[in-house]
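S.K.: Below is the structure I would like to discuss, written out as structure tokens.
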Amino acid sequence: MLNIVIFGAPGSGKGTQSERIVEKYGLDHISTGDVLRAEIAAGTELGMTAKALIDHGQLIPDELMISILASKLDKLAGGNGVIFDGFPRTIAQAEALKVMLAERGQEVTAMIELDVPEDELMDRLIKRGQLSGRADDNEETIKKRLVVYNEQTSPLKEWYKNEGKHCYIQGSGELDRIFADIVAAIDSRK
Ligand code: AP5
Ligand code: MG
């Protein structure tokens with residue numbers, strides 16, 4: 001069973017590289033951002049709560065996010081494992097994930113950090129905003145997302161180092177090279 005946490009700032013390539021990892025290892029993909037955007041599109045109550053926060057670059061509260069994640073995990077019928085994309089984003093979420101996996105006799109295999117300089121993140125997301133129109137891909141919201149990342153999410157690097165799970169990947173450059181580095185990191189730990 002492979003449980004991979006793909007980690008990095010907004011625009012670091014978590015979604016892009018998750019697709020390749022899913023294809024190679026046959027994992028289920030849980031992107032909490034995609035889950036929330038689907039709720040927004042469906043106009044649910046959760047979606048309305050999420051939209052107000054996402055549009056301001058803020059995180060959804062831990063308790064809510066953890067219960068969403070737990071229900072997603074319960075729906076997966078024991079495949080090869082899961083790639084967690086965009087979760088955990090706080091220490092409380094990381095601790096909750098550890099407990100949830102332990103209850104299933106599992107653990108995180110590796111935490112893959114994609115490291116990309118901030119000016120490049122900004123360029124990528126502005127460009128994506130122009131093409132896809134994702135509501136939070138505008139300069140003002142991207143800046144807030146980066147502040148939230150640095151304050152609340154970045155400390156998870158140390159947390160996963162202490163767990164012995166952290167793998168550093170240089171996240172700028174060729175997609176194929178980044179993917180090859182990810183595969184090497186996963187294969188050395190599985
Ligand atoms: P989420 O959807 O997770 O957004 P994010 O973390 O801001 O990250 P992105 O999806 O924007 O970027 P990515 O790392 O997936 O990069 P991508 O592959 O797309 O979360 C959105 C919001 O939901 C949060 O702000 C929060 O409000 C809420 N939320 C979600 N999870 C939560 C949680 N656990 N707790 C609380 N709140 C939560 O790539 C970006 C662009 O760059 C693309 O256009 C891509 O083509 C391009 N690109 C990728 N790789 C490269 C490369 N090597 N070179 C050049 N371009 C590249
Ligand atoms: Mg993404």
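Any read-out appearing in this document is the output of simple, stated calculations on the displayed coordinates, not a laboratory observation. What you are looking at is a predicted structure, and each value in this text was computed from that prediction instead of being measured. Backbone-built Cβ (ideal geometry, glycine too); neighbour counts: all protein chains shown.
S.K.: Collect residues whose amide H, placed 1.01 Å from N in the peptide plane, falls under 5 Å from the amide H of Ala110; neighbours closer than 5 in sequence don't count.
M.R.: Distant-sequence amide H within range of Ala110: Asn3, Val5.
S.K.: Say each of Asn80 and Lys161 gets a label point 7 Å from the Cα, pointing the same way as Cα to Cβ; how far apart are those two points in nm?
M.R.: 3.2 nm
S.K.: While we're looking at this one, here's another question. Give me the net charge of Val22's neighbourhood, meaning all other residues with Cβ under 10 Å from the Cβ of Val22; Lys, Arg count +1, Asp, Glu -1.
M.R.: -2
S.K.: In whole Hz, what ³J(HN,Hα) sequence does segment 35-45 give by Karplus (6.51, -1.76, 1.60; θ = phi - 60°), x for Gly and Pro?
M.R.: 4, 5, 5, 5, 5, 5, 4, 7, x, 6, 4
S.K.: Then there is this: What fraction, in whole percent, of alpha-carbon pairs in the chain exceed 23 Å separation?
M.R.: The answer is 40 percent, as a whole percent.
S.K.: Can you compute 3J(HN,Hα) from phi for each residue in segment 5-18, using the Karplus curve 6.51 cos²θ - 1.76 cosθ + 1.60 with θ = phi - 60°, rounded to whole Hz and x for Gly and Pro?
M.R.: 9, 9, 10, x, 5, x, x, 6, x, 4, x, 4, 6, 4
S.K.: Let me ask another. Mind pulling up the Rg/Rh value for segment 57-147? Radius of gyration and Kirkwood radius, both on Cα.
M.R.: Computed over Cα atoms, the ratio is 1.03.
S.K.: Long-range amide H contacts for Arg89: which residues qualify at under 5 Å (H placed 1.01 Å from N, peptide plane, sequence gap of 5 or more or a different chain)?
M.R.: Sorted by chain and number, the residues that satisfy this are Ala94.
S.K.: Once you list every other residue whose beta carbon is under 10 Å from the beta carbon of Gly11, what net charge do they have if Lys and Arg are +1 and Asp and Glu are -1?
M.R.: Here the count lands on +1.
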